[in-house]
1. With springs only between Cα atoms under 10 Å apart, run a GNM on the chain and tell me which of S36, S301, S148 wobbles the most.
2. Averaged over every viewing direction, what's the projected area of the C-alpha convex hull for the range 71-154? Give it in nm², one decimal, please.
3. If the cut-off is a Cα-Cα distance under 15 Å, which aspartates and glutamates reach K310, setting aside same-chain residues fewer than 8 apart in sequence?
4. Under 13 Å between alpha carbons, and skipping anything fewer than 8 positions from K253 in its own chain: which aspartates and glutamates qualify?
5. Under a GNM of the chain (C-alpha, springs under 10 Å), which listed residue has the highest mean-square fluctuation: E326, E228, E142?
6. What is the Cα centroid distance between the range 251-271 and the range 54-121, reported in whole angstrom?
7. In nanometres, what is the gap between the two model label sites at L273 and A343, each 7 Å from Cα along Cα-to-Cβ?
8. Checking a compactness column here: for the range 339-382, what do you get for Rg(Cα) / (2.2 N^0.38 Å), N being the number of residues?
Amino acid sequence: MTFPEGFLWGAATASYQIEGAVREDGRGECIWSRFSHTSGKVLNGDTGDVACDHYHLYRSDVVLMARIGLRAYRFSIAWPRVLPFGTGAPNEVGLDFYDRLVDELLAVNIRPFVTLYHWDLPQALQDRGGWDNPEVVQWFGEYTDRVSRRLGDRVKDWITLNEPWVVAFLGNWLGIHAPGLCDLGTAYRVLHHQLLAHGAAIAILRRNVQDVSAGITIDLGYFEPATERSEDVQAAWREDGFKNRWLLDAVFKGHYPTDVINWVAEWLDGIDLDAVAQAAAPLDFLGINYYTRTLVEAASSGVTAARPVKPANAAFTTMGWEVYPEGLYQLLVRVHREYQPRALFVTENGAAFADVLTPDGKVHDEARRDYLRQHFDAAERAIQAGVPLRGYFVWSLMDNFEWSLGYTQRFGIVYVDYATQQRIVKDSGQWYAEVIRQNQILA
Ligand code: FCB
């Protein structure tokens, strides 16, 4: 089978992970600069100071995208490039960069998908509490307004937030992402404020952008019980509530799931739970990021009273994530049935492997090609089952700064030699180019 005509094959990146140039042209400091420059926070002391130097190399990067044949490109805007202090006077030079990037993309017929927030909050706002401060709804609105006014004549596809759950919990509870806090109550407030900010931003995008298509990107976990024992089945359902339903119910139904509210109640102090109705602004699409499955069993402690179990006989990526394409199919079908988004995109899916640049000047990454092929197949089956899946963004266009793991994880379909900033299309990238050209999955 071929994919539906016009299916948007794409690739994704994020500003802090690829741009570099963090002190250039008036850009303000972001929480990831602060965090990565704090000793012990990122593997090998890596930072995004230079990353893929995309800020300078964007023109040739777009040429590369055109060579692969991408129909769409998902990238994010660095809030502190646009508003160095988060609010107030805009930095027009920063906006100019995205303006030029968009023009380059359109010139070669690549549809730009803009993510407004992919984790690089201005440090100046973090100093005022960041996402924990209810005023962030205003701040994010102001930023959304600025960017959409500037780019909205040409960019029609907008994603408010990338993975609000990860922002809240890895950044404010587990402390392994910026800003590095360790408090579950804070994480819940941060998540709540992100959801309110999302709802407010959708209204602003509708006002500013003619023919807008606006949505949000949520990272969904696929949880399965390790055994058929009822306590494990319940544990998997709790994990699902903690990670998936909390967000999906908020965004599509305007309330939080009652079962989860009951067992996390002690961390919800001071949150006006009913206010989350504002997060349920009608969306044009839902973006799903999917990477792996988690097998779980019941445990006697922990917030969800569940713990992960390592599956036997499974294949893993260098992230330690199990390769499990069936989870993508199951999630797409389930979200379609239970929440009925108007359209769906896979806004991220991909794999990190230990790539080597061989003497022939190539990267023979069969494992990544297999990973993608199996996941494309899951997507195709979901389409056949009636899921309105409109496009697929591979994570990532190129190797980049993988947050707390620095440059140790290579996710790209394009290899980056960080010493020279040379780009080399991996075998998986060549294969993907052919998939796009024929609009069907190739062996
Ligand atoms: C997602 C992030 C993305 C990238 C991938 C591997 O959680 O959105 O930036 O780091 O994981």
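A short reminder: the numbers here are calculations on the coordinates, not readings from a lab. Quick caveat, the model's predicted, so the values are computed rather than measured. Note that each Cβ is placed from the backbone with ideal geometry, even for glycine, and that neighbours are counted across all protein chains shown.
1. S301
2. Numbers: hull surface 20.8 nm².
With every direction weighted equally, the projected area is 5.2 nm².
3. Excluding near neighbours in sequence, the set is E224, D232, E297, E322.
4. D274, E338
5. E228
6. 36 Å
7. 3.5 nm
8. On the way: Rg = 14.9 Å, N = 44, 2.2 N^0.38 = 9.3 Å.
Its radius of gyration relative to the 2.2 N^0.38 Å reference: 1.60.
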